[in-house]
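The values are calculated or read from the model by the stated rules, or taken from the named source; none is laboratory data. Since this is a predicted model, take the numbers as computed values, not measurements. Here Cβ is always computed from backbone atoms with ideal geometry, including for glycine, and neighbour counts include all displayed protein chains.
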Amino acid sequence: MVSSYFKELFDKVNQGPLAYILITVHVIAGTYLVYTEPRSNLAFLVLITSFMSLYFFQADVRFKLFVGAVLALVIIPVVGVRNIFYLEVIFQISVFAALALGLNIVVGFAGLLDLGYVAFYAVGAYLWAFFGSQQFYVLHYAPGTQPSDLPFLLPGDAFYMFLLVGVVIAGLTGILLGLPVLRLKGDYLAIVTLGFGEVIRVLANNLDKPLNFTNGPQGITPIQRPTMPDFAVDWFNTIFSPLVGHPISPADMYNLMFYIYALIVIIVIIFVTRRLDDSKLGRAWTAVREDETAAIAQGIPLVRMKLTAFAVGASFAGVMGVLLAASRTFISPESFSFMQSIGVLTMVILGGSGSIPGVILGAAVVTTLNLQVLQGFSLYLNELRQSDAVIPVINFAWKDLSTQLDPAKYQKLFFGLILILMMIFRPAGLIPAKRRKRQVAPEESK
Amino acid sequence: MKRFLRYINVYELIRPIGQLLTFSVGSAALMSAIVVALALVLDQTAVGVHLMDKLNVTVFNYTLSNLPQVVIDGLTIGFVYAAIALGYTMVYGVLQFINFAHSEIFAVGAFVGVELLIFLQSAGVLAGASLFMAYAYLLLAIIMGMLAAGGLAVAVERIAYRPLRGASRLVPLISAIGVSFLLQDVIRLVEGLTTGQFNRIMPTFGNFDERIIFGKLSMGASKLVLGISIKSIIVIVVAVLMLVCLNYLVNATRVGKAIRAVAQDMPTASLMGINVNRIISLTFLVGGLLGGAAGVLYALKFTRIDPFVGFFPGLKAFTAAVLGGIGNMTGALLGGIILGMLETFAGSYMGIFTMGAAGSEYKDIFAFGILILVLIFRPQGLMGKNVGQKA
Amino acid sequence: MALLEIANITKTFGGLKAISDVTFSLDKGRIVSIIGPNGAGKTSFFNTLTGIYKPDSGAITFNGKSLLGLRPDQIAARGISRTFQNIRLFADMTVIENIMVGMHVHYKQSALAILFRLESFKKEERESEQKALRLMKYVGLKNVENELAKNLPYGAQRRLEIARALAADPQLLLLDEPAAGMNPQETEDIIQLFRNIRDKMGITILLIEHDMRVVMNISEDICVMDYGVKIAQGTPAEIRNNTRVIEAYLGRGAVAGQHEEKMQ
Ligand SMILES: Nc1ncnc2c1ncn2[C@@H]1O[C@H](COP(=O)(O)OP(=O)(O)O)[C@@H](O)[C@H]1O
Ligand SMILES: [Mg+2]
């Protein structure tokens, strides 16, 4: 009832020049708020939700592209270097969006539940962590005992090559794992992939002996970044420093650079995903998801199609892993836990499995929930604890509130709730996947 | 009395005990033979030399002197796995669905039992309790853990699975993963808010930590102590009792017949007037009861629990269920025992046998290796029938 | 040489012999029916033929080449397409996509062509869309190309399944109870469609059917199964008068009268 009323209202405003005006107003309002209140979470939420306006309102594609580009390439970098936390949030959203897009191919398109997806992310990350650090020369030292003056194996700029190597190696890992297990029925596959995820994490934790490949739980650091040309910083400063208000340092510029790289990777991933989806491959994946028996009777080789889905999904995670290792200059097994896999799954399910805009939205919502809403809430509770405030009716002093009640630490609870509620009430997600409508041209005369 | 006895199906009471005995002795003998043979071989290699340098024993002697304890430990944990695995297998048998949240049902059972005992301890009753009362309290803890876990399992099915029946297979599975995550944090939250911490320790009371020593054998330089801790005996006895009861329920009662009917063919069972929803609830209840008891037993054996305590035992029990043949109750027993044995043997000997390159830190992922091998080479499990897919 | 030759195949499930030593051959360009009471093993026979079940023993040759040991997708690629007794469409895909999936074995598009939308890719997609549209028209589906398959009415779903099977350009089409649940008019239409498929497209048809109007009307040859055993084969007239067949049906108590009626 209510929702249909809102839909009508939305349809009414969502047409003609009004839509353009609303988009513009939203972007400008968001920018203004963040610019004047650089510490406010709310202001930042207003700004990033303008991507949703951009998606939902009807406007010319060129206009949308233009506004999107201004948002991503001018506004976000500027407000991002003014408050580096925003840039971090956006960077994480981008990383998770890429992961969610990769998992979406496996879960959303091919219908294979992969519960160990971050294992491939770990493969990419450890790949660059090993080759882009001193780890090669640490092989024979126990963790923490190596001399500090060891050389690096490869120059930092090998990073660019490793983006590709990451794609290939993670894809191969996907095939290697997939070969034995993709014959299994769906729910067994879920458990086996979960197991594989754990295996990778345990290996990362313990392969510090007999040869020290991973440096164990302490993780590998420092990992190199690609070199930053001096002109990039100068160039940014000449153009943007009036807007930013101060010249930025090379460190900030690195953050910007990785943000831009993440954007590029996402755009490539979206591009690849859409094209694969709209081809015999994508159709075969969906057919396999819908009905394996019917699909195989149609001549679709099940195992090969599932392997392809696994490999493509894995390779997306691989490239993001390489990017992550370089941008953080440090990685440890902790970043690749089962919870991370479920986190990415939650993004896919929340947004809408099989739906590209859906899973990006899912990644954005879950990441902001984690980084901003829950943490903001935790901070707020802390402030209350330090105050003398009292809850009126029940006469409860905030001071006495247990420090265990720290929403930021209860991500699992929220992941769990999201998964259950979505399955019961909206299994297709916030933005359900839509099948493309085909306008078939009239028959050509031969 | 005589008439009453006539109604008891004695065969169904004895049969599972016989099975358990066969499985235990068989797997213990097999595993022991393998490690002893390996030890003999390794004594001729660098591994033997290395151990001689370090501890001044041969691999053979080392292996043998640890063997009794390893077998007992393997059995104990194997029975715990079997009890959990039965929960997975029964639900799978009826609904073809992996109840991913079963591991948290287990954890809740453990927490309820342990919290009860901690409460009794702080009330001062545990410290001075007589031996009889100590056992009574332990029994009470087990029963409370069972009831809490059983009730929770039924509630979870009602709320998070039943509305999804008939949806595609992945939908209830994803919901179950959600429940599992939710419960982990709910346990953490509740424990955190009420007790300020979420790592809980099983109180020490009674004579559970003592060991009964049967005798000593001297083996050249080293001594072989034949003994068993009372804890282990309790775990094994309680687990065996439960398994026998469950077997009786399923194989020798009317309700059990209904459960088997629903597992075989739900629509037909429903046409025959069986209330399918009641049977499903009952299945979750029974699985939950077993899981809850297993939780308390686990806490008794390993002492320390935390909200994530269910994760690995749950996965291993699932592996056990698959290993035995999912949907098959005898298979779950066999799978649990084998897995417990394999894991304990691997955890105890791998470090020595590989000169420390890979030791017990790989114990937890050992089960997955087995799971993958089973699924590749014998997906129907050791005792399952091969059922072709229907078209 | 016959298009399809089956020699002494047997398939058991546990103790149950679903197919028992069945020998059967099918010449190119014919329409042949398999009939038999429920549970006679007809669907299992199709499943064995299409590689979904592996026979315990026996030989299957298609176009002179053995099909044993091939996966279902490889058998489909050899030119055998099928429909299912309980319709199995790709429910959340559109009608036209369902048919385009049916063409899977014929696509030549490479990863490169897909990613860079090469001209060859675009041409192939365009052509398969048009072919799908032709097939829709052929089976009598109009203006529903962008509907989701699950939203079609029952009769249309049956037709769509046939169109999807035809999309692979098979030499042999296996139809599992295609007229089940249809009213007389629809049944009439679908009989016409089968004739058309055979006459115009030259596709050999093997169908399982309970509706004797369809069977007697269309079949040139009928194979009767009971309890996994082939008990008779012959023209409709021969089958009508075969005592073993009548017994097989009459022996079934309650349903007998109904079947007898249908057979007249
Ligand atoms: N996958 C299977 N597993 C076990 N039994 C099966 C399987 N498929 C078919 N059957 C059995 O084989 C027999 C023949 O079934 P089916 O081929 O479907 O008969 P029809 O199509 O003639 O009605 C039935 O008794 C059925 O239960
Ligand atoms: Mg049939």
Item to check | Qualifying residue in segment C:57-67 (condition: within 18 Å of the chain's Cα centre (by Cα), within 16 Å of ligand 1 (Cβ to nearest atom) and not hydrophobic (A, V, I, L, M, F, W, C)) | outcome: no
Item to check | Exclusive hit being surrounded by 12 or more Cβ atoms within 10 Å (Cβ to Cβ), under 26 Å from A:GLY245 (Cα atoms), touching a helix residue (DSSP H, G or I) at 6+ places or on another chain (Cβ under 8 Å) and free of Cβ contacts under 8 Å to residues at least 24 places away in the same chain, set A:GLY68, A:GLY80 | outcome: A:GLY68
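Just to verify a result, which residue in segment B:348-381, among those that are of a type in the set (A, V, I, L, M) and under 18 Å from the mean Cα position of the chain (by Cα), is nearest to B:GLY93 (Cα to Cα)?
Going residue by residue through segment B:348-381, those that are of a type in the set (A, V, I, L, M) are B:350, B:352, B:355, B:357-358, B:365, B:367, B:370-376.
Narrowing further to those that are under 18 Å from the mean Cα position of the chain (by Cα): B:365, B:367, B:370-371.
Numbers: B:ILE365: 26, B:ALA367: 22, B:ILE370: 22, B:LEU371: 19 Å.
Going through the qualifying residues, I end up with B:LEU371.
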Next on the checklist: I need the helices (runs of 4 or more DSSP H) fully contained in segment C:57-131, keeping only those with at least 1 residues that are assigned by TED's automatic domain parsing to the domain that holds C:LEU207 and away from ligand 2 (no atom under 16 Å from the Cβ).
Outcome noted: C:72-77
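Among the residues that make up segment B:243-265, is at least one of them touching a Lys or Arg at 6+ places or on another chain (Cβ under 6 Å) and either over 26 Å from B:TYR62 (Cβ atoms) or not polar (S, T, N, Q) (or both)?
Here is the first cut: in segment B:243-265, the residues touching a Lys or Arg at 6+ places or on another chain (Cβ under 6 Å) are none.
Looking through segment B:243-265, none of the residues is touching a Lys or Arg at 6+ places or on another chain (Cβ under 6 Å) and either over 26 Å from B:TYR62 (Cβ atoms) or not polar (S, T, N, Q) (or both).
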Checklist outcome for this item: Checked segment C:28-43 for anything surrounded by 15 or more Cβ atoms within 10 Å (Cβ to Cβ) and more than 8 Å from ligand 1 (Cβ to nearest atom); matches are C:ARG30, C:ILE31, C:VAL32, C:SER33, C:ILE34, C:ILE35
Checklist entry - If C:VAL101 passes every condition in (1) surrounded by fewer than 21 Cβ atoms within 10 Å (Cβ to Cβ); (2) under 18 Å from A:THR308 (Cβ atoms) but one, which one does it miss? => result (1)
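Only one of B:SER65, B:SER103 is touching a strand residue (DSSP E or B) at 6+ places or on another chain (Cβ under 8 Å), assigned to a helix (DSSP H, G or I) and among the small types (Gly, Ala, Ser); which? Please lay out each step first, then the result.
Numbers: B:SER103 fails: touching a strand residue (DSSP E or B) at 6+ places or on another chain (Cβ under 8 Å).
Of the residues listed, the single one that is touching a strand residue (DSSP E or B) at 6+ places or on another chain (Cβ under 8 Å), assigned to a helix (DSSP H, G or I) and among the small types (Gly, Ala, Ser) is B:SER65.
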Item to check | In segment B:127-167, residue farthest from the other protein chains (Cβ to nearest Cβ) [restricted to those that are touching a residue at least 24 places away in the same chain (Cβ under 8 Å) and among the aromatic types (Phe, Trp, Tyr)] | outcome: B:TYR135
Next on the checklist: I'm trying to understand the selection: among the residues of segment A:1-29, which are touching a residue at least 40 places away in the same chain (Cβ under 8 Å) and farther than 15 Å from A:GLN58 by Cβ?
Outcome noted: A:VAL27
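Hey, among C:ARG88, C:ARG71, which residue is touching a residue at least 60 places away in the same chain (Cβ under 8 Å) and more than 13 Å from ligand 1 (Cβ to nearest atom)? I'd like the intermediate steps shown before the answer.
Numbers: C:ARG71 fails: touching a residue at least 60 places away in the same chain (Cβ under 8 Å).
Step by step, each of C:ARG88, C:ARG71 is checked, and only C:ARG88 is touching a residue at least 60 places away in the same chain (Cβ under 8 Å) and more than 13 Å from ligand 1 (Cβ to nearest atom).
Is segment B:186-198 home to any residue that is within 22 Å of the chain's Cα centre (by Cα) and of a type outside the set (A, V, I, L, M, F, W, C)?
If we filter segment B:186-198 for residues that are within 22 Å of the chain's Cα centre (by Cα), which is where we start, we get B:187.
Add one more test, that the residue is of a type outside the set (A, V, I, L, M, F, W, C), and what stays is none.
Looking through segment B:186-198, none of the residues is within 22 Å of the chain's Cα centre (by Cα) and of a type outside the set (A, V, I, L, M, F, W, C).
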Checklist entry - How many residues does segment C:177-214 contain that are away from ligand 2 (no atom under 14 Å from the Cβ) and under 19 Å from C:ALA237 (Cα atoms)? => result 4
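Mind listing whichever residues of segment C:132-153 are part of a helix (DSSP H, G or I), over 29 Å from C:LEU26 (Cβ atoms) and touching a residue at least 24 places away in the same chain (Cβ under 8 Å)?
Going residue by residue through segment C:132-153, those that are part of a helix (DSSP H, G or I) are C:132-139, C:149-151.
Remaining after also requiring over 29 Å from C:LEU26 (Cβ atoms): C:133, C:149-151.
Result: C:LEU133, C:ALA149, C:LYS150.
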Next on the checklist: Suppose the filter is in a loop (DSSP other than H, G, I, E, B), within 11 Å of chain A (Cβ to nearest Cβ) and not β-branched (Val, Ile, Thr); does B:ALA358 pass it?
Outcome noted: yes
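Pick from C:LEU174, C:LEU206: which is within 14 Å of another protein chain (Cβ to nearest Cβ), outside any helix (DSSP H, G or I), within 16 Å of ligand 1 (Cβ to nearest atom) and out of contact with any Asp or Glu (no Cβ under 8 Å at 6 or more places or on another chain)? Can you show your working first?
Numbers: C:LEU206 fails: within 14 Å of another protein chain (Cβ to nearest Cβ).
Going through C:LEU174, C:LEU206 in turn, the sole match is C:LEU174.
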Item to check | Single unsatisfied condition, A:TYR20 versus (1) assigned to a helix (DSSP H, G or I); (2) within 30 Å of A:TYR380 (Cβ to Cβ); (3) not small (Gly, Ala, Ser) | outcome: (2)
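When segment B:94-138 is examined, which residues are found to be hydroxyl-bearing (Ser, Thr, Tyr) and surrounded by 18 or more Cβ atoms within 10 Å (Cβ to Cβ)? Break it down stepwise before answering.
Going through segment B:94-138, the residues hydroxyl-bearing (Ser, Thr, Tyr) turn out to be B:103, B:122, B:130, B:135, B:137.
Those that are hydroxyl-bearing (Ser, Thr, Tyr) and surrounded by 18 or more Cβ atoms within 10 Å (Cβ to Cβ): B:SER103, B:TYR137.
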Checklist entry - Among C:ASP73, C:ASP92, which is the only one that is facing chain A (nearest Cβ under 7 Å), under 19 Å from the mean Cα position of the chain (by Cα) and of a type in the set (D, E, K, R)? => result C:ASP73
Checklist entry - Can you tell me how many residues in segment A:84-109 are surrounded by fewer than 18 Cβ atoms within 10 Å (Cβ to Cβ) and either modelled with pLDDT of 90 or more or not hydrophobic (A, V, I, L, M, F, W, C) (or both)? => result 1
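Looking at C:LYS28, C:LYS42, can you tell me which residue is basic (Lys, Arg) and within 16 Å of ligand 2 (Cβ to nearest atom)? Give the steps one after another, and end with the answer.
Values: C:LYS28 fails: within 16 Å of ligand 2 (Cβ to nearest atom).
None of the others qualify; the one that does is C:LYS42.
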Checklist entry - Pick from segment A:35-64 the residues that are over 21 Å from the mean Cα position of the chain (by Cα) and under 16 Å from A:ILE267 (Cβ atoms): which of them is surrounded by the most Cβ atoms within 10 Å (Cβ to Cβ)? => result A:LYS64
Next on the checklist: Test of understanding: among A:ALA314, A:ALA295, which residue is assigned by TED's automatic domain parsing to the domain that holds A:ALA122, surrounded by 22 or more Cβ atoms within 10 Å (Cβ to Cβ) and under 23 Å from C:THR48 (Cβ atoms)?
Outcome noted: A:ALA295
Next on the checklist: So the check is Cβ under 6 Å with 6+ separation or different chains; which pairs have a first residue in segment C:1-29 that's assigned by TED's automatic domain parsing to the domain that holds C:GLN233 and part of a strand (DSSP E or B) and a second one that's of a type in the set (Asp, Glu) and away from ligand 1 (no atom under 12 Å from the Cβ)?
Outcome noted: C:ASN8/C:ASP21; C:THR10/C:ASP21; C:THR10/C:ASP56; C:LYS11/C:ASP56; C:THR12/C:ASP56; C:SER25/C:GLU5
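Quick check on this structure: which one of B:LEU249, B:LEU189 is part of a helix (DSSP H, G or I), buried (at least 17 other Cβ atoms within 10 Å of the Cβ) and either free of Cβ contacts under 8 Å to residues at least 40 places away in the same chain or within 14 Å of another protein chain (Cβ to nearest Cβ) (or both)?
Within the list B:LEU249, B:LEU189, the selection yields B:LEU189.
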Next on the checklist: Here is a list: B:PHE345, B:PHE312, B:PHE368, B:PHE284. Which entry is within 14 Å of chain A (Cβ to nearest Cβ), assigned to a helix (DSSP H, G or I) and surrounded by 18 or more Cβ atoms within 10 Å (Cβ to Cβ)?
Outcome noted: B:PHE368
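Test A:GLY354 against the criterion of being in a loop (DSSP other than H, G, I, E, B), within 14 Å of another protein chain (Cβ to nearest Cβ), of a type outside the set (Ser, Thr, Tyr) and within 18 Å of the chain's Cα centre (by Cα), and give yes or no. Lay out the reasoning, then the answer.
On the way: in a loop (DSSP other than H, G, I, E, B): yes; within 14 Å of another protein chain (Cβ to nearest Cβ): yes; of a type outside the set (Ser, Thr, Tyr): yes; within 18 Å of the chain's Cα centre (by Cα): yes.
So A:GLY354 fits the description; yes.
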Item to check | Count of segment A:180-198 residues which are free of Cβ contacts under 8 Å to residues at least 60 places away in the same chain and more than 7 Å from every other protein chain (Cβ to nearest Cβ) | outcome: 1
